[in-house]
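Please treat every number below as a calculation from the coordinates, not as lab data. Everything quoted here is computed from the prediction, not taken from an experiment. Ideal geometry is used to build each Cβ from the backbone, glycine not excepted, and the neighbour counts take in all protein chains shown.
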Amino acid sequence: MHNRQKADPLVRMLGVTKMYVQPDHYDILILDDITLEIHPGEFVALLGPSGSGKSTLLRIITGLSEPSFGTVLYRGRPVRGPNPNAAMVFQSFALYPWLTVLQNVELGLAAKGVSPAERHERSVTLIDLIGLNGYEDAFPKELSGGMRQRVGFARALAVEPELLCMDEPFSALDFLTAENLRSELLDLWLESRIPTRAILMVTHGIEEAVYMADRIIVLSKNPARIVADMPVILPYPRNRKSHEFMQIVDTVYKVVTGWDDHPSEDPNIDVIDTQSEERPRLKPIPYGHLSMLSGLLELVADRGGRDDLYHLGAELFLEVDDLLPVTETAELFRLADVTEGDLSLTDLGREFVQADVGMRKEIIREQLRDIPMFRLIDRVLRSKANHAMVKEFFNDILEEHFSVEEAERQLMTSINWGRFADLFHYDTDTELLYLAEDQLEESVQDSP
Ligand code: ADP
Ligand code: MG
């Protein structure tokens, strides 16, 4: 085990908060008061739902972005501008298409002022180390995804970073390639064949985190706070099939799926009020696909009405990132409860599973009536003489509550749910949202 207590931390984040100012000048809180230390010898995995702020956190640690409040210290000194002791591997590889493999790898060294001869030598050595010898003069487009990511690793490692940051580095790769790269990187790290002192990896794969890291930090979303920080005490190389491994995966799964547990709170409360006193905030809805929701609930029903989320995710081939929005949707609709990593059907959930499509729509429709986002849309559509409104109008409203991207995702999810439940229709050509005819109790004539 690494001795964490004695060594001075490499990175210290103190009360780091990040807000983005929207075009309409409203602030969106992304990271809320993040305090953490990363010590030499640590391989830290950062888990959290997509859109929670993991990339933002990584950018702040490496000095590519500034916190709104709080401090980042590197070896005790405030980080100002890109940290020359840190390097980043991106999910999208981020290679320059007009440069060869060798030139891409040399890039970081040129920026550090290394002489051309040394640049060349170090890059060739790394290209070799990472298994790309013979491809020095190839262009990225001639390489497979796995080989491109090898270049991404070589480029990051070429600068001999003390801190290696990786943003979902394996998630764009096919299964086997990812598996190979994971174990090769682990070997380099565990055998100290690279001078890197600490690794921080963003991932949404729980197994990947347990396989590679010796510490896992879990973030919540809207805003991101640290909800768990736990060691992974398992010797390397790790065996995914071992009982101990699976037990840790299960524990992490429970933490990740439980971050949103507010048993005492009504999930449908109108507003949350974390950021602004003057302005009520719309509660975000999860982006659950209703077809996936049905599939999940049917599977749980087959399992006697209750099952472990980790097993359910594996059964449906869903990463936790994709499973969570669906389970959150099930909770929001009062169809299921999540407790200690288990999903169990409620009475309404059992009714839903038994019901035909028409009845299912009706059950969802009833639930949607209680959700602020739908009350808002419904109210606006009813107030119009033609009961129609351009989608853009709702984007504008939602952008006062969420970032531009999040507003779009919230709205598209709302539209999909509303269409499923026959509450309203949406014309993708005209981008018009209009109330379903049978929703007009007063039988107004102006159908669009
Ligand atoms: P993650 O990596 O966890 O998926 P990100 O850090 O990329 O999340 O983004 C967190 C949130 O911040 C998202 O809602 C995203 O839309 C928002 N965001 C990220 N960058 C910007 C930016 N430059 N301006 C405004 N909002 C941003
Ligand atoms: Mg990201």
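Among L181, L411, N222, whose Cα projects farthest towards the positive end of the dipole of the chain, with charges put on the beta-carbon of Lys, Arg (+1) and Asp, Glu (-1)?
In the chain, that residue is L181.
Just check the stretch 285-354 against the gyration tensor rule for me: Cα atoms, a ≥ b ≥ c as the square roots of the eigenvalues, rounded for a/c under 1.5, and otherwise prolate or oblate depending on whether a/b exceeds b/c.
rounded
If contacts are Cα pairs under 8 angstrom and at least 6 residues apart, what is the relative contact order of the chain in percent?
14
Treating the beta-carbon of each Lys and Arg as +1 and of each Asp and Glu as -1, no other charges, what is the dipole magnitude of the stretch 283-340 about its Cα centre, to the nearest 20 debye?
Charge dipole of the stretch 283-340: 260 debye, to the nearest 20.
Once you charge only the Cβ atoms, +1 for Lys and Arg and -1 for Asp and Glu, what is the size of the charge dipole of the stretch 307-448 about its Cα centre, to the nearest 20 debye?
Taking the Cα centre of the stretch 307-448 as origin, the dipole is about 560 debye.
Roughly how many whole Å is it from the C-alpha centroid of the stretch 131-172 to that of the stretch 341-389?
The stretch 131-172 and the stretch 341-389 have Cα centres spaced 47 Å from each other.
When the dipole is taken about the Cα centre of the chain, and only Lys, Arg (+1) and Asp, Glu (-1) are charged at their Cβ, what size is it in debye, to the nearest 20?
The dipole magnitude comes to about 1780 debye.
Show that you can apply the helix-only estimate: for the chain, add -39,500 (n - 2.57) for every DSSP H stretch of four or more residues, divide by all residues, and state [θ] at 222 nm to the nearest 500.
Only helices count here, giving -12000 deg cm²/dmol.
Please sort 61-70, 111-120 by packing, taking for each peptide the average over its residues of neighbouring beta carbons within 10 angstrom, highest first.
The peptides rank, most packed first, as 61-70, 111-120.
Looking at the chain, how many pairs of lysines come closer than 24 Å at the Cα, when each pair is eight or more places apart or spans two chains?
Lysine pairs, 8 or more places apart or on different chains, close enough: 13.
³J(HN,Hα) across the stretch 16-26 via Karplus (A = 6.51, B = -1.76, C = 1.60, θ = phi - 60°), whole Hz, x for Gly/Pro?
Values, residue by residue: 6, 10, 10, 10, 10, 8, 7, x, 8, 6, 7 Hz.
Between L348, A330, H289, whose Cα lies farthest towards the positive end of the dipole of the stretch 285-354 when Lys and Arg beta carbons carry +1 and Asp and Glu beta carbons carry -1, centred on the Cα centre?
L348
With unit charges on the beta carbon (Lys/Arg positive, Asp/Glu negative), name the residue among T62, I248, M373 whose Cα is farthest towards the positive pole of the charge dipole of the chain.
My answer, from the dipole projection, is T62.
Which value results for Rg/Rh of the chain when Rg is the Cα radius of gyration and Rh the Kirkwood radius based on the inverse mean 1/r?
Result: Rg/Rh = 1.01.
Arrange the following residues from fewest to most other Cβ atoms within 10 Å of their Cβ: W417, W189, W98.
By the 10 Å Cβ count, ascending, the order reads W98, W189, W417.
Computed over the Cα atoms of the stretch 369-440, what is the ratio Rg over Rh, Rh following Kirkwood?
My calculation puts Rg/Rh at 0.93.
Mind checking which of T413, T430, T196 has the largest fluctuation in a GNM of the chain, springs on alpha carbons under 10 Å?
Of the options given, T430 has the highest mean-square fluctuation.
Of all beta bridges DSSP finds with both residues in the chain, what is the antiparallel percent, to the nearest 5?
So the antiparallel bridges in the chain amount to around 65 percent.
Report the per residue volume, in Å³, of the convex hull enclosing the C-alpha atoms of the stretch 316-448.
Looking at the stretch 316-448, the number lands at 141 Å³ per residue.
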